[in-house]
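Report on the following structure.
Values quoted throughout were computed directly from the atomic coordinates according to the rules given, and no laboratory measurement underlies them. These numbers come from a predicted model, not from an experiment. Cβ sites come from the backbone with ideal geometry, for glycine too, and all protein chains shown count toward neighbours.
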């Protein structure tokens, strides 16, 4: 099927009503398109119809990974059947071509050259590959934040023990004065021994978006390289990796791009490819070929194939429209609760510093207790954060989340604050 025809059909499939069985194939669902055109509702209500959602709780924890919309899920099942049907013939004759094609399309979506991008399994694999494969020497220095993701912080600790490097751990304020304050926090730690800075594009526990390009531009003046954790950014808001001026970028596509679980990406600037040791040794010997960093053995390649379908889906929505939707949802509930004096909003108020992710705490209530009350009494699922100067619950709606569900959350929080 030609891409144009597939997109035409998929745009119709965005309106599948919930009573249809999700396991139907794309061809079987074509007959429903005319029926769906008669549905009188707004765009996001129709998008919601693409998701099978549990009725026993409101899911405000989409940050771990996103539920796959049904058009993508149906194609994913087809990929599983295809790979299984062809057996090793597929892996020996089709796999490499498919991988190169998908990498090329993905690179266009994220805004970088295809010879600087590889598909991985998640952000942790991507970033730990760089941290562990960096050409460290004893007494070299690395800088990262206490608010960064735990898996990468653990890898820095391991590299410190292994190679004798020194880790400098900073803290990012939840409510910075401006970009300069954040840049200066990193800059003040740089010495002649500093080799690498790790920066979160979006801090996963608060949703704060950091001024990555400004940090990269500053670091490069000192010949320091920058590794960016973009776990929550691809498919969340609009940007191009090449515009950030970073050296390395990792992300998980099963988060906001809504691929199946187990898909990520790693970007490495061309000048740095040759210096990084691969996580698993590859048969590719060319030092400047990024594919030598991508050998992970036999794995469920049908997950990679579904990247194509996830890109089809997000292109129908439009990344800028999705960004606006996610930010609108976040600001709807967070702005409503900022006036409550017992609520602590751990996400910056400036519009450009956040998007779909937010975090709030309640004075006098431990995060785990807050999480438990929300779920047990109000049937709202969130995740507690109790570390790195962030004490509250992370709230992550998705495109399918309704304002009625957010109203339930707002009402629940206000009721909880009356009892603490």
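Please report, largest first and rounded to whole Å, the three semi-axes of the ellipsoid equivalent to the chain, where each semi-axis is the square root of five times an eigenvalue of the C-alpha gyration tensor. Can you show the working numbers first?
On the way: eigenvalues 231, 203, 57 Å².
Its equivalent ellipsoid spans semi-axes of 34, 32, 17 Å.
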Sorted by mean Cβ packing within 10 Å, highest first, what order do the peptides 272-281, 302-311 take? 302-311, 272-281
Over all viewing directions the Cα convex hull of segment 46-91 casts an average projected area in nm² of 4.7
What is the spin-label model distance, in nm, from residue 86 to residue 242 if the labels are put 7 Å beyond Cα along the C-beta direction? 3.0
Segment 378-420: Rg/Rh from Cα coordinates, Kirkwood Rh? 1.01
In whole Å, what are the extents of segment 320-417 along the principal axes defined by its C-alpha atoms, from largest to smallest? 37, 27, 22
Cα-based equivalent ellipsoid, segment 178-308: semi-axes from gyration tensor eigenvalues, Å: 27, 21, 11
If packing is taken as the average count of other Cβ atoms within 10 Å, what order do 252-260, 61-69 fall into, highest mean first? 252-260, 61-69
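With N denoting the number of residues in segment 104-170, provide Rg(C-alpha) divided by 2.2 N^0.38 Å, to two decimal places. It would help to have the intermediate numbers written out before the result.
Details: Rg = 14.2 Å, N = 67, 2.2 N^0.38 = 10.9 Å.
Taking N as the residue count of segment 104-170, the ratio is 1.31.
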Extension gain residue 368-residue 289, at 0.36 nm per residue separation less the Cα-Cα distance, in nm? 23.8 nm
Semi-axes in Å, largest first, for segment 141-236 (Cα gyration tensor, √(5λ)) are 20, 17, 12
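Based on the alpha carbons, how large is the Rg to Rh ratio for segment 90-309 when Rh follows Kirkwood? Intermediate values should be presented prior to the final figure.
Numbers: Rg = 16.9 Å, Rh = 17.7 Å.
Rg/Rh: 0.96.
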Euclidean distance between Cα centres, segment 105-181 to segment 247-291, Å: 13
Given 102-110, 361-369, the highest-first ranking by average Cβ count within 10 Å works out to 102-110, 361-369
Can you put 49, 291 in order, fewest other beta carbons within 10 Å first? 291, 49
Antiparallel %, DSSP beta bridges [both residues in the chain], to 5: 55
Overall Cα dimensions of segment 66-181, principal axis frame, Å, largest first: 52, 36, 25
Relative contact order %, the chain, counting alpha carbon pairs below 8 Å whose residues are six or more apart: 19
Taking max minus min of the Cα coordinates of segment 234-311 on each principal axis, largest first, gives extents in Å of 33, 33, 16
